[in-house]
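Read through the structure below, which is laid out as structure tokens, and then see the notes.
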Amino acid sequence: MQSLDLNVNQHEKAQVKKKSMMHYINKISPVIPLLILIVYMAIANREFFTVNNFLNISKQSSVMGILAIGQTMVIIAAGIDLAVGSVMALTGCITAVAIINWGVNPVAAVLIGIVCGVITGSLIGLIITKIKVQDFIATLGALTAIQGFALLTSGGLPISGLPQGLLVIGNGNIAKIPISFLVFVGVALLGWVILKHTTFGRNVYALGGNREAAWVSGINVNLTKTLVYAFSGFCASVASIVMLGRLNSANALMGDGMELLSISAVVLGGTSLFGGAGAIGGTIIGVITMGTLSNGLNFLDISAFWQKVILGLVIITVVALDTFRRRVSK
């Protein structure tokens, strides 16, 4: 009997040690690929390791980063938002049309775009929670439908000639730091506060960890999930404003492929695709890693076609690692 108790205690200690080790590995794993990438690129090309280049990476990564903050909250809640790129395109087109065609004040037009983003995200959340459509299917269908609305809004043509004040958001600097990056930092700070310091944030983790347990404990799971998608819509609309400022135009395809990039950055930052675990800090590291990879491939003069191949392999690897990490941690 004593031998049996001893074996049980040893097994429990081994499980605690294993969980502790996995927690430590999960904490540091997002940083390792970034460090390896920076060291390799610094050796491969001396022009890579400069302040100006890192500022350029931060500027180029800002739009994806803002989208990834909203995507982080969705994935922690055990969802996925494949429509985030289309929402970005739609709100960008609405904002540009309001300014150029309707003569709306630019500030009011930006607010209209943001409200549209929140409403669109909320509608996606309601489709998922009220009609009981799976997150993947609902957002996949919304991707096409919303892109159709963006084409209708823009007439299928680029809308250009935006005011200078809007262009500054995408291309201006404050003390050499890109304003677009400061916007990314602001949205990330907002997401961090919501997730870490509000009851709603704790409900998001509970919902992603175990939906039934969250419901039994009194959490309004439908409202929580709807608000999560509303926040993702908000982030998409803010990202569209930054993109408008950078391109000086809007079109219905401006968000193409951004959904996969944002998901990759989130998972690369340590957030589990299965929900219940993740952090904004990890997503920031994931965004910088993706931006550094893209920048490094340009420095190495890799063709755009091969860059797509490499990006696809990175996405597959990241998802496979997340699956492995989840299996080992059980």
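Tabulated results
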quantity: Failed item, numbered, when residue 242 is tested on (1) aliphatic (A, V, I, L, M); (2) in contact with a Ser or Thr (Cβ under 6 Å, 6 or more places away or on another chain); (3) not in a helix (DSSP H, G or I); calculated: (3)
quantity: Which listed residue is among the β-branched types (Val, Ile, Thr), touching a residue at least 40 places away in the same chain (Cβ under 8 Å), open to solvent by 40 Å² or more (accessible area, probe 1.4 Å) and not in a loop (DSSP other than H, G, I, E, B), from 288, 316; calculated: 288
quantity: Condition broken by residue 285, with the remaining ones in (1) modelled with pLDDT of 90 or more; (2) aliphatic (A, V, I, L, M); (3) closer than 28 Å to residue 158 by Cβ satisfied; calculated: (3)
quantity: Subset of region 174-216 [of a type in the set (S, T, N, Q) and modelled with pLDDT of 95 or more]; calculated: 180, 198, 199, 203
quantity: Matching entry among 236, 188 (being in contact with a helix residue (DSSP H, G or I) (Cβ under 8 Å, 6 or more places away or on another chain) and within 22 Å of residue 56 (Cβ to Cβ)); calculated: 188
quantity: Selection count, region 197-220, where residues are more than 21 Å from residue 263 (Cα to Cα), part of a helix (DSSP H, G or I) and either open to solvent by 10 Å² or more (accessible area, probe 1.4 Å) or in contact with a strand residue (DSSP E or B) (Cβ under 9 Å, 6 or more places away or on another chain) (or both); calculated: 10
quantity: Counted residues, region 81-103 - those being in a loop (DSSP other than H, G, I, E, B), modelled with pLDDT of 95 or more and either in contact with a Cys (Cβ under 6 Å, 6 or more places away or on another chain) or of a type outside the set (Asp, Glu) (or both); calculated: 2
quantity: Any hit, region 297-312, residues being in contact with a Pro (Cβ under 7 Å, 6 or more places away or on another chain) and open to solvent by less than 50 Å² (accessible area, probe 1.4 Å); calculated: no
quantity: Hits in region 104-119 (condition: of a type in the set (A, V, I, L, M) and not in a helix (DSSP H, G or I)); calculated: 104
quantity: From 127, 169, 194, residue being assigned to a helix (DSSP H, G or I), in contact (Cβ under 8 Å) with a residue 40 or more places away in the chain, in contact with a Gly (Cβ under 9 Å, 6 or more places away or on another chain) and surrounded by fewer than 20 Cβ atoms within 10 Å (Cβ to Cβ); calculated: 194
quantity: Search result, residues across region 83-108 that are buried (at least 23 other Cβ atoms within 10 Å of the Cβ) and either touching a Phe, Trp or Tyr at 6+ places or on another chain (Cβ under 8 Å) or at positive phi (or both); calculated: 90
quantity: Among (1) within 12 Å of residue 295 (Cα to Cα); (2) touching a residue at least 12 places away in the same chain (Cβ under 8 Å); (3) in a helix (DSSP H, G or I) - the single one residue 66 does not satisfy; calculated: (1)
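Conditions tested, residue by residue: (1) crowded, with 20+ Cβ neighbours inside 10 Å; (2) over 19 Å from residue 170 (Cβ atoms); (3) not β-branched (Val, Ile, Thr).
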residue: 223; (1), (2), (3): no, yes, yes
residue: 237; (1), (2), (3): yes, no, yes
residue: 244; (1), (2), (3): yes, no, yes
residue: 250; (1), (2), (3): yes, no, yes
residue: 254; (1), (2), (3): yes, no, yes
residue: 258; (1), (2), (3): yes, no, yes
residue: 261; (1), (2), (3): yes, no, yes
residue: 265; (1), (2), (3): yes, yes, yes
residue: 270; (1), (2), (3): yes, yes, yes
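The values are calculated or read from the model by the stated rules, or taken from the named source; none is laboratory data. Computed from a prediction, not measured in an experiment: that's the story for all the values here. So basically every Cβ, Gly included, is an ideal-geometry build from the backbone, and we count neighbours across all protein chains shown. The area values use the complete protein model at the heavy-atom level, side chains included, leaving out ligands, DNA and RNA. Shrake-Rupley method; radii C 1.70, N 1.55, O 1.52, S 1.80 Å.
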